[in-house]
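Contents: one structure, followed by commentary.
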Amino acid sequence: MILSRSTSMLVILSLSLIMGVIFLSPNFLEAQTERKVFQTHSGAIIETSGQILDPIYSVSEVEFDPDEFLRNFEYGKISVNSEGKTIRDYTIIAEDNKIQEISPGIFYNVWTFNGTVPGPTIRATEGDIVRIQFINNGSKEHTIHFHGTHPAGMDGVFEPVGGNGGKFVYEFEAGPVGVHPYHCHVMPLEEHIIHGLYGVFIVDPKEGREKADEMVMVLNGFDTDFDTENNLYAANTIPFYYQHHPIQINTNELIRIYVVNMVEFDPINNFHLHGNLFKYYPTGTDLVPSFFTDMITFSQTERGIMEFEYDFPGKYLFHAHKVEFSEKGWVGVFLVNDNPNGEE
Ligand SMILES: [Cu+2]
């Protein structure tokens with residue numbers, strides 16, 4: 001259809017008027033600034049005018065360094081019992097009242113094990129006795145439920161530990177070999193997980209694994225407006241952190257990543273590595289890899305061990321190939337440097 005110049009002008013003018021009425025109408029403007037009242041998971045009444053909770057807090061009480069967390073393993077206080085078994089003692093303290101600025105301007109009530117989300121990465125060798133003094137300094141009941149093998153009474157489900165100083169000792173033999181999550185198991189479970197009460201438990205084989213540059217990545221998400229959908233995603237809590245602070249690794253050096261998916265609400269998450277493929281050991285229970293791939297999909301608490309080496313230096317992305325998640329923070333970069341020792 002060919003319109004005369006004056007008809008075209010008339011159409012444009014009419015459209016502009018209609019759009020102007022829509023966008024400038026008091027109702028539309030009000031909708032943009034309308035403050036809605038939400039009840040949070042924990043019962044608090046919060047006002048917000050947008051998709052992200054308004055920063056009603058201005059001070060972060062929790063400092064979390066994803067670089068430090070990445071390669072930090074807690075081996076516990078070591079002793080030997082009368083049978084000659086290694087005992088590893090840990091203390092884990094739960095709290096549920098701290099505020100963390102998880103992304104610039106986004107303050108979130110984190111529930112923590114030993115002050116951070118995720119909690120400490122607990123590491124033992126198969127057959128060691130793991131003994132955890134659990135202290136609940138929160139205001140709500142919490143527990144620690146370890147994945148892995150242990151007696152029923154050590155499962156952290158039917159023995160809720162009261163807040164304000166409640167105590168429980170978890171004691172069990174470390175096993176099976178692999179990478180396992182631990183998390184609070186008090187109902188409503190999603191509330192206790194989404195706020196951050198989780199961490200990683202690594203059980204090493206007695207014969208050890210090949211020497212490698214080892215790291216831990218917990219894939220997590222944050223629902224900052226309490227609609228049971230995540231607004232932010234990350235590897236190790238801070239969205240986009242490893243994109244802005246690339247993880248430095250070397251060429252021709254074995255990299256081993258213990259990956260655990262703790263994203264709540266979304267049925268799947270995944271991990272895609274650029275410029276390379278990795279050997280993948282589901283749950284890390286087998287010493288022979290099951291896959292050689294560049295992309296692995298996880299449901300919640302699914303986890304595994306990845307191993308790879310880069311031949312060529314440079315910057316390589318790793319991210320969720322579920323693009324929504326990577327665009328909301330679950331993306332990072334490996335900066336591969338020439339190995340100072342040459343070919344290892
Ligand atoms: Cu809990």
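Numbers below:
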| item | result |
| --- | --- |
| Listed residue pairs exceeding 23 Å between alpha carbons, taken from K140/K167; K211/K322; K279/K322; K279/K315; K167/K206 | K211/K322; K167/K206 |
| For segment 262-326 and segment 211-232, distance of Cα centres in Å | 14 Å |
| Segments 286-293, 139-146 sorted - mean Cβ within 10 Å per residue, highest first | 139-146, 286-293 |
| Segment N164-D286, length gained on full extension (0.36 nm per residue, minus Cα span) | 39.8 nm |
| Per-peptide average of other Cβ atoms within 10 Å, ordering 255-264, 167-176 highest first | 255-264, 167-176 |
| Ellipsoid semi-axes in whole angstrom, largest first, where each is sqrt(5λ) of the Cα gyration tensor of segment 66-337 | 29, 25, 15 |
| Neighbourhood net charge (13 Å Cβ-Cβ; Lys/Arg +1, Asp/Glu -1) for A94 | 0 |
| Label point 7 Å beyond Cα of M295 along Cβ direction - residues of segment 226-241 with amide nitrogen under 20 Å | 234-235 |
| Relative contact order of segment 96-186, pairs being alpha-carbon contacts under 8 Å that are 6 or more residues apart, as % | 30 percent |
| Protection proxy ranking, peptides 77-85, 111-119, 60-68, average beta carbon neighbours within 10 Å, highest first | 111-119, 60-68, 77-85 |
| Order of M295, M187 - criterion: other Cβ atoms within 10 Å of each residue's Cβ, fewest first | M187, M295 |
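No lab work stands behind these numbers, since they all come straight from the coordinates. What you see is a predicted model, and the numbers here were worked out from it, not measured in a lab. With ideal geometry, Cβ positions are generated from the backbone for all residues, glycine too; neighbour counts draw on all protein chains shown.
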